[in-house]
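Following: one structure in structure tokens, then a few remarks.
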Amino acid sequence: MLNLLSVLQKERFSPRFYVAAATDNMSLQKVRTLENSLADETGVKVEETAQFMQIYRSREVGQSYLTSVWTTLIATAHALWIMFKIRPQVILCNGPGTCFPLCAIAFFFKVVGIRWSSIFYVESIARVRRLSLSGLLLYKLQIADQFFVQWPQLQRQYPRAHYVGCLM
């Protein structure tokens with residue numbers, strides 16, 4: 001995701017809101033470093049171009065599907081609050097348990113006629129043979145406007161996906 005963000009037209013997508021799981025400090029730390037380097041280049045303060053938020057994860061790695069129902073409901077409520085607060089035009093996500101509630105809410109708003117967001121999903125490079133749970137849900141429910149995979153065999157399995165090669 002960082003490689004993709006590094007080539008994003010920053011002036012076109014500003015302000016940028018980064019949302020990561022409450023248990024994932026590494027991702028926010030990495031994106032803060034990216035935004036700080038951009039601020040150093042442009043002279044614009046990070047606070048003017050980017051905000052960093054954390055939400056609950058729908059399902060932690062190794063968590064049972066049964067208990068994840070409750071955590072998904074909590075994550076969805078938190079995501080609803082964030083979606084009303086930031087009203088994003090574009091959601092660019094890559095599969096952790098935080099993306100599904102945000103994308104599901106954006107899709108619901110689209111269905112009821114409140115089109116706030118276009119959803120672009122990029123499956124992890126680590127997913128070679130099958131989609132992640134988030135990816136599978138977004139694909140099967142046709143929630144993502146664009147769905148990208150980084151392995152040709154995944155594109156053959158999921159024909160609506162766009163094969164983009166390695167984004168590293």
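Being more than 14 Å from CYS99 (Cβ to Cβ) and charged (D, E, K, R) is not true of ARG59. On the stretch given as segment 53-67, residues that are of a type outside the set (Gly, Ala, Ser), open to solvent by 60 Å² or more (accessible area, probe 1.4 Å), outside any helix (DSSP H, G or I) and over 17 Å from LEU138 (Cα atoms) total 4. Restricting attention to segment 132-168, and to residues there that are farther than 20 Å from PHE107 by Cα and of a type in the set (Val, Ile, Thr), which single residue is nearest to the chain's Cα centre (by Cα)? Among those residues, the one meeting the criterion is VAL149. Please determine, by comparing only the residues of segment 111-133 that are under 22 Å from LEU5 (Cα atoms) and in contact (Cβ under 8 Å) with a residue 40 or more places away in the chain, which one is most open to solvent (accessible area, probe 1.4 Å). Per the stated criteria, the residue is ILE125. Just so you know, in segment 17-38 the residues that are over 15 Å from the mean Cα position of the chain (by Cα) and over 18 Å from ASN3 (Cβ atoms) include one that is surrounded by the most Cβ atoms within 10 Å (Cβ to Cβ), and it is THR23. The numbered conditions (1) closer than 27 Å to TYR163 by Cβ; (2) open to solvent by 60 Å² or more (accessible area, probe 1.4 Å) are all true for GLU47 except (1).
Return the residues of segment 68-109 that are part of a helix (DSSP H, G or I), among the β-branched types (Val, Ile, Thr) and open to solvent by less than 20 Å² (accessible area, probe 1.4 Å); say none if nothing qualifies.
Answer for segment 68-109, where residues must be part of a helix (DSSP H, G or I), among the β-branched types (Val, Ile, Thr) and open to solvent by less than 20 Å² (accessible area, probe 1.4 Å): ILE82, ILE105.
Within the set GLU11, GLU41, the sole residue that is more than 20 Å from SER134 (Cβ to Cβ), open to solvent by 60 Å² or more (accessible area, probe 1.4 Å), not in a loop (DSSP other than H, G, I, E, B) and not assigned by the TED database to the domain that holds LEU138 turns out to be GLU41.
GLU48 meets the conditions (1) over 22 Å from LYS30 (Cβ atoms); (2) out of contact with any helix residue (DSSP H, G or I) (no Cβ under 6 Å at 6 or more places or on another chain); (3) at pLDDT below 90 in every case but one. The failed one is (1).
I need the full set of residues from segment 142-166 which are out of contact with any Phe, Trp or Tyr (no Cβ under 8 Å at 6 or more places or on another chain) and either of a type outside the set (Gly, Ala, Ser) or within 23 Å of PRO88 (Cβ to Cβ) (or both), in order please.
GLN142, GLN153, ARG156, GLN157, PRO159, CYS166
Residue count for segment 59-111 under the criterion of being among the aromatic types (Phe, Trp, Tyr) and touching a helix residue (DSSP H, G or I) at 6+ places or on another chain (Cβ under 8 Å): the result is 2. Among the residues in segment 123-139, are any assigned by the TED database to the domain that holds ILE91, of a type in the set (Val, Ile, Thr) and touching a Gly at 6+ places or on another chain (Cβ under 9 Å)? So far as segment 123-139 goes, no, none of its residues is assigned by the TED database to the domain that holds ILE91, of a type in the set (Val, Ile, Thr) and touching a Gly at 6+ places or on another chain (Cβ under 9 Å).
The values are calculated or read from the model by the stated rules, or taken from the named source; none is laboratory data. Bear in mind that the values here come from a model prediction, so they are computed numbers and not experimental data. When we count neighbours, we look across all protein chains shown, and the Cβ atoms used for this are built from the backbone with ideal geometry, even at glycine. Just the protein is used for accessible areas: all its heavy atoms, side chains included, with ligands, DNA and RNA removed. Shrake-Rupley method; radii C 1.70, N 1.55, O 1.52, S 1.80 Å.
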